[in-house]
Amino acid sequence: MVGPRAHAIISARSKDDLIFRDAFQPGRVHVTTDDGSEGFKGNTVDFLRTFDLSGFTEIYVCGPERMMFSVYRELRSRQVNARVEFSLERLMKCGIGLCDSCSIGGYQLCRDGPVFSIDELDRMEEFGRSRLVESGRRITL
Ligand code: FES
C-alpha cells in the first residue's frame, strides 16, 4: 500500500487492462479508460487537464514514453511547482555504462537513471521522440 495521502492516476485502454488499483487508498485512485468502460473517459493527459495539482509536492510518472511525453508537456504548460520525476525505459545491454545502448540526451539510464527530473528531461531532445532498438537502429516513437 502506498502512503495514505498519495493519489494515483491509472489509465488503460479498457477496464480489463487496469492494474494496481488496490495499491492506493479508496477515493485516491483516479481511473481513466480510453473507451470509457470505467472511470473518466479519455487518456491520462485528458484527465490531468481537469485535475488540480496545486496541492501536490511530488509527482511521479511512469508508463509508455509517448504518454509520459504528453504528461511532461502538460506539466510544463501549467508550471507545476511540485518536484516531478519520470521513470524512463531504454534497451539495456551491459547495465554497467559500457555499451551506451541505454543513452538518452547525454545520460545513461543504467548509470544515471532510470528516474530523471523534469528539468533533466528538458535537456533530452530524444525523450518522447525516438529510441534505439536492439540492432542499434534509431526508431521514431
Ligand atoms: S546498458 Fe550499456 S551503457 Fe547502459
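Details
- In degrees, nearest ten, helix 65-78 long axis to first principal axis of the chain (Cα): 70
- The stretch 15-36 and the stretch 49-70 have Cα centres spaced 15 Å apart.
- Taking each residue as 0.36 nm, the span from SER14 to ASP112 lengthens on full extension beyond its C-alpha to C-alpha distance by 31.8 nm.
- For the chain, a crude dipole built from +1 on the beta carbon of Lys and Arg and -1 on the beta carbon of Asp and Glu, taken about the Cα centre, is about 120 debye to the nearest 20.
- Prolate/oblate/rounded call for the stretch 1-127, Cα gyration tensor, a/c under 1.5 rounded: prolate
- Where a label projected 7 Å from the Cα of CYS94 along Cα→Cβ would reach, residues of the stretch 102-141 with amide N under 13 Å: 102-103, 108-111
- Structural descriptor for the chain: relative contact order 15 percent, calculated from alpha carbon pairs under 8 angstrom and at least 6 residues apart.
- If both residues of a DSSP beta bridge must be in the chain, then about 40% of such bridges are antiparallel.
- LYS93 long-range amide H proximity, modeled H, under 5 Å: SER101, CYS102
- Each residue of the stretch 15-22 is assigned a 3J(HN,Hα), and the resulting list reads 4, 5, 9, 6, 9, 6, 4, 6 Hz, derived from the Karplus form 6.51 cos²θ - 1.76 cosθ + 1.60 (θ = phi - 60°), x at Gly and Pro.
- Between ARG123 and ARG49, full extension at 0.36 nm per residue minus the direct alpha carbon distance yields a gain of 24.2 nm.
Bear in mind that the values in this text are calculations on the coordinates, not laboratory data. Small disclaimer: the values here were computed from a predicted structure and weren't measured. All Cβ positions, glycine included, derive from the backbone under ideal geometry; neighbour counts span all protein chains shown.
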